[in-house]
Each structure stands twice: as structure tokens, then as C-alpha cells.
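For reference, the structure is listed below as C-alpha cells.
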Amino acid sequence: MTMDENQQRAWRALGLGPVWDSRAGQVQREEQASPPGLSSSERSAGADRAVLPADQDGSGSVAVAELTAGQGEVSAMGWAALESSVAGCQACSLSQGRTQTVFGVGNRNADWMFIGEAPGAEEDARGEPFVGQAGRLLDNMFAAIGLSRSKDVFIANVLKCRPPHNRDPLPAEVGSCEPFLARQIALVDPRIIVVMGRFAAQTLLRTDASISSLRGRVHGFALGERTVPVVVTYHPAYLLRTPSDKGKSWSDLCLARALAAQAS
Ligand code: URA
């Protein structure tokens, strides 16, 4: 894939100076004067990950996770019923502190699904996931791999209501919300899932492993007869605090892009 101007702009906004692109196992580099680029080890990491890990290309064993679909009607709902069920949900105390629920946004038939943790203040106010500073970085990440928020991806959070003071979600809150996310995944029926941040990764993959041990490899999510590949990456809010890890995130996106291409 050759980068167009939009992608190059996004690339620069990500703080990734030199443009790296993979084509048939080869790496192309265009030097750019500013902003400062990645270290050579970060760049190599990004380039390597465009190639699927050898034993995880769909033929090897991948641990497959699934979410609780819920006992009630949620698991049979269509989009309209699901959206109104989320909007009216009072299953946990987060409903008392919210301005509104944050259902999810994007193309409901997208090949790509991105999953974050929970709405923050701006998302609670606007009713849309990832609209704050972290969301702007996420949009740049999409652009860097040629995706658009409205056309190519569906974005959802594990929790649909904002936890007070952005604290970590509690297990009971996750338990209440889980059937909604499970149904969203089933309805979108994505080719690839990217989970952002430790919390979303641990929830979706049912593990307490660290994010550094989860990223860089392919996980699976059971969807009927199919196993959807799952890639774990850092949360955009973390990347804003730790820009030196943006190169690893780029590796993850390259891995996801290779998996999506393989699946379609
Ligand atoms: N962080 C998230 O995990 N989700 C959002 O929607 C916003 C910030």
C-alpha cells in the first residue's frame, strides 16, 4: 500500500516521522525532516509486524475467547432494539451518573471493530465513543492504515456508561454490560477486532495477563462457527502519555491489517 496525503498527514500527527510501509515482505522508507522519527529499533519493530507471526496465521492454535451473550432477549436483538435497550439500561449504578449512554459508532457492517474501555467526560456529553483527545489520536491511527471512522470501522466500548472520575470499571458493571458488547460484535460480524488497552483486552480475552504479553500476537474470538482474529494494542490515551510506544502500536495495526487482508 502506498500512503496518500491523508495517511502521511495522519502519520505525522502520530509522531511517526519516517514513513514505513510494507509491500510483499519489503520495507520502504521515505525520510522526512520533521518531526523527529522513531528510533531504528522502533522502526524495525513496526516493519516486522506487517508479517503475520509464523505460527499464528490461522493454522496454528489460537486461544479462543467469548463473552457471555446474556440470558434474556439481548442475544436475539437487532440494532434498533439493542440501541434502545442500552439507552434505557439501569442494570448498574453507572446509569445514575451518566448524561447519556454511549452506544457505539461507525459502519455496522464494517470489517474492522475497535473496542475501548468506557466513555470519558466528552463521550458522556456527546454520546459518541472516542471524541476527546484520545479519539483524535485514534482517528489519526485509522487514517494511517487507510481507514475512516464513518466508513470502515465500528467503534464500541466495554462499558456504555461513564464510570465516575474515569475509574476502572467494576466486575459487576462489566457483567451487566457484557451482553450488549457480545451482541454488537455478533451483529457487526467483523473480519478483525482490535482491542485497545489493558482493560478491554482482559475483558474480551478473559485473561488477567499484562498488555505487553498480549500484544504482538493473534488471539481469537468465537463468533458462531467462526473465530475472529483479535489484535491487542495500547489505548490511545496511554499513547498520548507515552508517545515512545506509538511505534509498537503501529506494529499492532500492521498486524491487524495483514489479518484483515487475509480474512477477506
Ligand atoms: N476511552 C475509551 O476507552 N473509550 C472512549 O470512548 C473514550 C476514551
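Rg then Dmax, both in Å and based on the Cα atoms of the stretch 64-263: 15.4, 45.
Could you work out how far the C-alpha centroid of the stretch 230-247 sits from that of the stretch 79-116, in angstrom? Result: 24 Å between the Cα centres. Under the simplified labelling scheme, the ARG108-GLN262 pair shows an inter-label distance of 3.1 nm, with each label point 7 Å from Cα along Cα→Cβ.
Label separation (SER95 vs SER244): 4.6 nm, computed from points 7 Å beyond Cα along the C-beta direction. Please give the residues of the stretch 166-208, grouped as numeric ranges, whose backbone N is less than 16 Å from a label point set 7 Å along the Cα-to-Cβ vector of THR68. From the stretch 166-208, the list is 170-183, 203-207. Over every Cα atom in the stretch 125-165, the radius of gyration and the widest Cα-Cα span, Dmax, amount to 11.4, 35 Å. Ligands, DNA and RNA are left out, and with a 1.4 angstrom probe the accessible area of the stretch 64-263 is 40 Å² per residue. Accessible surface of the stretch 185-264, 1.4 Å probe: 49 percent of it comes from carbon and sulfur atoms.
For the stretch 170-179, 3J(HN,Hα) computed residue by residue from phi via the Karplus equation (6.51, -1.76, 1.60; θ = phi - 60°) reads 8, x, 5, 5, 4, x, 5, 8, 3, x Hz, glycine and proline entered as x.
The values are calculated or read from the model by the stated rules, or taken from the named source; none is laboratory data. Everything numeric in this text was worked out from a predicted model, so none of it was measured. All Cβ positions, even for glycine, are placed from backbone atoms using ideal geometry, and neighbour counts span all protein chains on display. These accessible areas exclude ligands, DNA and RNA; they are computed on the full protein's heavy atoms, side chains included. Shrake-Rupley method; radii C 1.70, N 1.55, O 1.52, S 1.80 Å.
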